[in-house]
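Asks: Would you mind keeping the following structure in view while I ask a few things?
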Amino acid sequence: MYTAEVTATGGRNGHAVSSDNVLDVGLTFPKSLGGPGLPGKTNPEQLFAAGYAACFQGAMGLAAKGLKVDLPESNTVTAAVHIGQHPEGGFGLGVELRVSVPGVDKATVQKVVDEAHGICPYSRATRGNVEVKLVVV
């Protein structure tokens with residue numbers, strides 16, 4: 001079991017630091033949402049995208065092993081996290097995961113991606129709450 005702990009101060013225009021001080025980032029509200037979009041600072045959506053992409057890629061490795069598929073080290077997962085108005089009020093998220101696996105046919109990659117979507121803890125956490133689109137490129 002592993003627990004990550006991060007403390008945020010100042011909200012979307014603040015600061016976040018992990019309990020081990022490895023993550024130490026300034027936060028800014030994106031310009032496209034009316035914030036200052038300060039250079040050199042990140043936002044919660046970028047942090048979520050980074051975590052989801054890395055976790056999903058790890059889940060793909062487990063899925064590929066179970067399916068006896070060799071994934072090249074050059075495979076990538078790009079997560080696009082969208083934030084906007086939710087139909088029921090407030091804000092909501094949407095995610096698109098774009099997966100590239102050079103040298104492996106798309107049908108095989110799709111099987112790995114589908115299996116990984118059932119394994120990945122981020123996929124489990126978002127299931128039924130956030131629309132996640134899986135795209136093999």
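The values are calculated or read from the model by the stated rules, or taken from the named source; none is laboratory data. For clarity, every value in this text was computed on a predicted model and none was experimentally measured. For neighbour counting, all protein chains shown are included, and Cβ atoms are generated from backbone atoms with ideal geometry for every residue, glycine included. Accessible surface areas use protein heavy atoms only, side chains included; no ligands, DNA or RNA. Shrake-Rupley method; radii C 1.70, N 1.55, O 1.52, S 1.80 Å.
Asks: Collect the residues in the range 84-112 that are open to solvent by less than 50 Å² (accessible area, probe 1.4 Å), in contact with a Leu (Cβ under 9 Å, 6 or more places away or on another chain) and modelled with pLDDT of 95 or more, keeping them in residue-number order. Walk me through how you get there before you give the answer.
Replies: The initial filter retains those residues of the range 84-112 that are open to solvent by less than 50 Å² (accessible area, probe 1.4 Å), namely 84, 89-90, 92, 94-97, 99-101, 104, 108-109, 112.
After this cut, where a residue has to be in contact with a Leu (Cβ under 9 Å, 6 or more places away or on another chain) as well, the list is 84, 96-97, 99, 101, 104, 108-109, 112.
96, 97, 99, 101, 104, 108, 109, 112, listed by residue number.
Asks: Which is β-branched (Val, Ile, Thr), part of a loop (DSSP other than H, G, I, E, B) and out of contact with any Lys or Arg (no Cβ under 7 Å at 6 or more places or on another chain), of 69, 109, 99? It would help to see each step written out before you state the result.
Replies: Numbers: 109 fails: part of a loop (DSSP other than H, G, I, E, B); 99 fails: part of a loop (DSSP other than H, G, I, E, B).
Just one listed residue meets the conditions, 69.
Asks: Let me ask you something else. Can you give me the number of residues within the range 56-71 that are within 20 Å of the chain's Cα centre (by Cα) and surrounded by fewer than 17 Cβ atoms within 10 Å (Cβ to Cβ)?
Replies: Total satisfying the criteria: 3.
Asks: From the list 53, 125, 79, which one is part of a helix (DSSP H, G or I), small (Gly, Ala, Ser) and surrounded by 15 or more Cβ atoms within 10 Å (Cβ to Cβ)?
Replies: Details: 125 fails: surrounded by 15 or more Cβ atoms within 10 Å (Cβ to Cβ); 79 fails: part of a helix (DSSP H, G or I).
On inspection, the qualifying residue turns out to be 53.
Asks: Oh, and also: Under 7 Å by Cβ, and 6 or more places apart or on different chains, what pairs join a residue from the range 109-137 that is closer than 15 Å to residue 65 by Cβ and touching a residue at least 12 places away in the same chain (Cβ under 8 Å) with one that is part of a strand (DSSP E or B) and open to solvent by less than 90 Å² (accessible area, probe 1.4 Å)?
Replies: 109/99; 109/136; 113/99; 113/134; 113/136
Asks: Can we say residue 74 is polar (S, T, N, Q), open to solvent by 60 Å² or more (accessible area, probe 1.4 Å) and more than 24 Å from residue 125 (Cα to Cα)? Spell out how you get there, then give the answer.
Replies: Numbers: polar (S, T, N, Q): yes; open to solvent by 60 Å² or more (accessible area, probe 1.4 Å): yes; more than 24 Å from residue 125 (Cα to Cα): yes.
In short, yes.
Asks: Show the residue pairs meeting these rules: Cβ distance below 6 Å; 6+ apart or different chains; first residue within the range 15-29 and more than 16 Å from residue 41 (Cα to Cα); second residue exposed (fewer than 15 other Cβ atoms within 10 Å of the Cβ) and among the charged types (D, E, K, R).
Replies: Short answer, once both residue conditions are applied: 19/5.
Asks: Are any of the residues in the range 125-132 out of contact with any Leu (no Cβ under 9 Å at 6 or more places or on another chain), closer than 24 Å to residue 43 by Cα and acidic (Asp, Glu)?
Replies: Looking for residues that are out of contact with any Leu (no Cβ under 9 Å at 6 or more places or on another chain), closer than 24 Å to residue 43 by Cα and acidic (Asp, Glu), one finds none in the range 125-132, hence no.
Asks: Check whether at least one residue in the range 29-48 is among the aliphatic types (A, V, I, L, M), open to solvent by less than 60 Å² (accessible area, probe 1.4 Å) and touching a Ser or Thr at 6+ places or on another chain (Cβ under 9 Å), and report yes or no.
Replies: No; the residues of the range 29-48 include none that is among the aliphatic types (A, V, I, L, M), open to solvent by less than 60 Å² (accessible area, probe 1.4 Å) and touching a Ser or Thr at 6+ places or on another chain (Cβ under 9 Å).
Asks: Ok, one more. I'm checking my understanding of the structure. Among residues of the range 1-28 that are in a loop (DSSP other than H, G, I, E, B) and among the small types (Gly, Ala, Ser), which one is least open to solvent (accessible area, probe 1.4 Å)?
Replies: 14
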